[in-house]
Amino acid sequence: MANKKLDIIPLYDWGMFTEPRPSVVAGPCSAESEEQVMETARGLKELGINVYRAGIWKPRTHPGSFEGAGSPGLKWLQKAKKEYGLKIATEVASEKHVFECLKFGVDLVWLGARTTANPFLVQEIADALKDTDIPVLVKNPVNPDLDLWIGALERLNRAGIKKLGVIHRGFSTFEKIQYRNDPQWQVAIELRSRHPELPFFVDPSHMAGCKDFIQEISQRSLDLGFEGLMIESHCNPSVALSDAKQQLTPAELSDLLYKQIKVRDADSDAKEWKENIDQLRAKIDIIDENILYTLGSRMKISRQIGEYKKNNNIAILQTSRWDAVLAKVVAKGKEYGLPENFITDVFNAIHEASVEAQNEIISGKSSK
Ligand code: PEP
Ligand code: MN
């Protein structure tokens, strides 16, 4: 489905981010006290951060947890802005939050994952932001619903917000996984291809849920060509009132940004690179053709089997046969250096399509 282009002002014209990548928004999960806000701001300013985040109103899963400092916290952010020349950013989840932010000179706001999932709130926020020039970043909704995410962007854009971007922070899962939130990169990649005009941030802190995975997620997001990172950083993470496990000290953030992650060029005009990459891509195109031809041939035979099963009154699915095929291809795939889950996914998809084709034949829906 093609989406209508959003009317977006490019990221580097927002007056707060400059090249090279990554553009960074950093700061504590929550503003906790004036001292913590100022101390963290000082550390981050020293390492060249220009856009400072801190949650003022915190959407907590359970009641009784620290729910943010509320409006008094905005005064601390304002002080950090004045003292260190930082742009300040916070999450808004209601019209009231927006008005408070405008009153205290907040420079950028973002919508949290729980808010993006709620069109009523998104509309309320869009209406409150009408006729302002404030940049807005929209986190993905908690569930992997791309249309819901795009719908939120459309609501804001229709309200005249043109300094608009997204933050990918992963999706909630019921199963326990390695990360706090499941990246499902394909959702972000799909959004990127439908709306290449949107600036793209990744939030490795909320995706990871602990310090250990922040580097690999940040690298991945740079390798995907995304423009920015939103990272939680706290002057003393171990005593943080929210998200203690995932926050980096400013010194750790400095290591991450300047020593650990590598920014690779999206493309190059060098002649040798062009020639080599063109040759390699031509090879890939031929292989893709072959894959399609092979899949088509396989499907033809699968349909013949369908006819044969129909004529002999045999059921479509023989699970033991499929288990044996899968085991064989997984073993063979290993010889070719192909990961088991990749082979399982590919062959299950092929099998599903075959079963469907045979089902059409047996039920008489297909004449092929
Ligand atoms: C946050 O950025 O502090 C936050 C609450 O994030 P999310 O909406 O991604 O959970
Ligand atoms: Mn947080």
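Applying the criterion of being more than 16 Å from ligand 1 (Cβ to nearest atom) and of a type in the set (Ser, Thr, Tyr) to the residues of segment 69-119, the residue that is surrounded by the most Cβ atoms within 10 Å (Cβ to Cβ) is Tyr84. Name the one entry in Ser23, Ser30 that is of a type in the set (S, T, N, Q), under 23 Å from the mean Cα position of the chain (by Cα), within 16 Å of ligand 2 (Cβ to nearest atom) and surrounded by 20 or more Cβ atoms within 10 Å (Cβ to Cβ). Just one listed residue meets the conditions, Ser30. How about segment 109-125: which of its residues are under 16 Å from Asp147 (Cα atoms) and of a type in the set (D, E, K, R)? Arg114, the sole residue that qualifies.
Among the candidates Ala357, Ala315, which residue alone is assigned to a helix (DSSP H, G or I) and either closer than 30 Å to Ile49 by Cα or not assigned by TED's automatic domain parsing to the domain that holds Ile231 (or both)?
That would be Ala357, the only listed residue that is assigned to a helix (DSSP H, G or I) and either closer than 30 Å to Ile49 by Cα or not assigned by TED's automatic domain parsing to the domain that holds Ile231 (or both).
Just one of the listed residues (Gln219, Gln247) is within 16 Å of ligand 1 (Cβ to nearest atom), among the polar types (S, T, N, Q) and assigned by TED's automatic domain parsing to the domain that holds Gly55, namely Gln247.
In segment 159-182, which residue that is closer than 10 Å to Asn140 by Cβ and not aromatic (Phe, Trp, Tyr) is nearest to ligand 1 (Cβ to nearest atom)?
Arg169
Right, Glu232: touching a residue at least 40 places away in the same chain (Cβ under 8 Å), surrounded by fewer than 19 Cβ atoms within 10 Å (Cβ to Cβ) and in the same structural domain as Thr61 (by TED's automatic domain parsing) or not? Considered against the rule, which asks whether it is touching a residue at least 40 places away in the same chain (Cβ under 8 Å), surrounded by fewer than 19 Cβ atoms within 10 Å (Cβ to Cβ) and in the same structural domain as Thr61 (by TED's automatic domain parsing), Glu232 comes out as no. Does segment 130-144 contain at least one residue that is part of a helix (DSSP H, G or I), within 14 Å of ligand 1 (Cβ to nearest atom), of a type outside the set (Asp, Glu) and surrounded by 18 or more Cβ atoms within 10 Å (Cβ to Cβ)? Within segment 130-144, not a single residue is part of a helix (DSSP H, G or I), within 14 Å of ligand 1 (Cβ to nearest atom), of a type outside the set (Asp, Glu) and surrounded by 18 or more Cβ atoms within 10 Å (Cβ to Cβ).
The single condition from (1) touching a residue at least 12 places away in the same chain (Cβ under 8 Å); (2) within 21 Å of Ala244 (Cβ to Cβ); (3) within 13 Å of ligand 1 (Cβ to nearest atom) that Thr61 fails is (1). Within the set Ser242, Ser205, the sole residue that is within 13 Å of ligand 1 (Cβ to nearest atom) and part of a loop (DSSP other than H, G, I, E, B) turns out to be Ser242. Which is more than 16 Å from ligand 2 (Cβ to nearest atom) and out of contact with any helix residue (DSSP H, G or I) (no Cβ under 9 Å at 6 or more places or on another chain), of Ala270, Ala251? So the residue among Ala270, Ala251 that is more than 16 Å from ligand 2 (Cβ to nearest atom) and out of contact with any helix residue (DSSP H, G or I) (no Cβ under 9 Å at 6 or more places or on another chain) is Ala270.
The values are calculated or read from the model by the stated rules, or taken from the named source; none is laboratory data. Since we're looking at a predicted model, the values are computed, not measured. Using ideal geometry, Cβ is built from the backbone for each residue, glycine included, and neighbour counts are taken over all protein chains shown.
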